[in-house]
Amino acid sequence: MSYDPSNIFGKILRGEIPAHKVYEDDTALVMMDIFPQSRGHTLIIPKSPSRNLLDADPSALAAVIPLVQKVANAVKAATNADGIRVAQFNEAPAGQTVFHLHFHVIPAYEGVALGTHGAGQADDTELAALAKDIAGRL
Ligand code: AMP
């Protein structure tokens, strides 16, 4: 299957719909997941168009991983999480729901089970505060 630019992250990258942005440069956008699996769930979205890891340009992958690491550390510091899960899904049977490559940074808290993937929508005020806090630590 080929990349379809009408996906929701494509729309966010083009500024057509709003997002709780944490960081943006020429190669990537970082934003809060609005249906978080835990407090502080953040997404790293390379701007280079690909459905997922399988069809991505290797140079885009090489460029984004250091940013994933940076965001993981910033999210851990901002949330006081005890651990960080980095996840990435390829095609619907594997759990992918938005078909533009992205990496999940999901804080894990000791004794707290992670929520279901993409369950309830988070509070806008809380997401805005988290985005600001994480941005300040990048
Ligand atoms: P995946 O299942 O890996 O494709 O993940 C897509 C993620 O995007 C899910 O965790 C959703 O909660 C999240 N998501 C969907 N729509 C939006 C949106 N408009 N803004 C932020 N995150 C979103």
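The values are calculated or read from the model by the stated rules, or taken from the named source; none is laboratory data. Note that this is a predicted model, so its numbers are computed, not measured. For neighbour counting, all protein chains shown are included, and Cβ atoms are generated from backbone atoms with ideal geometry for every residue, glycine included. When the accessible area is computed, the model is the full protein with side chains, heavy atoms only, and any ligands, DNA or RNA have been set aside. Shrake-Rupley method; radii C 1.70, N 1.55, O 1.52, S 1.80 Å.
Below are the figures for this structure:
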quantity: Selection from segment 118-138 of residues that are surrounded by 16 or more Cβ atoms within 10 Å (Cβ to Cβ) and over 17 Å from ALA19 (Cα atoms); calculated: none
quantity: So ILE84, is it of a type outside the set (D, E, K, R) and touching a residue at least 60 places away in the same chain (Cβ under 8 Å); calculated: no
quantity: Residue within segment 56-68 that is in contact with a Gly (Cβ under 9 Å, 6 or more places away or on another chain) and open to solvent by less than 60 Å² (accessible area, probe 1.4 Å) present; calculated: no
quantity: Single residue of segment 17-68 satisfying the filter (assigned to a loop (DSSP other than H, G, I, E, B) and of a type in the set (Gly, Ala, Ser)) that is nearest to the ligand (Cβ to nearest atom); calculated: ALA19
quantity: Verdict on ALA87 being open to solvent by less than 50 Å² (accessible area, probe 1.4 Å) and within 9 Å of the ligand (Cβ to nearest atom); calculated: yes
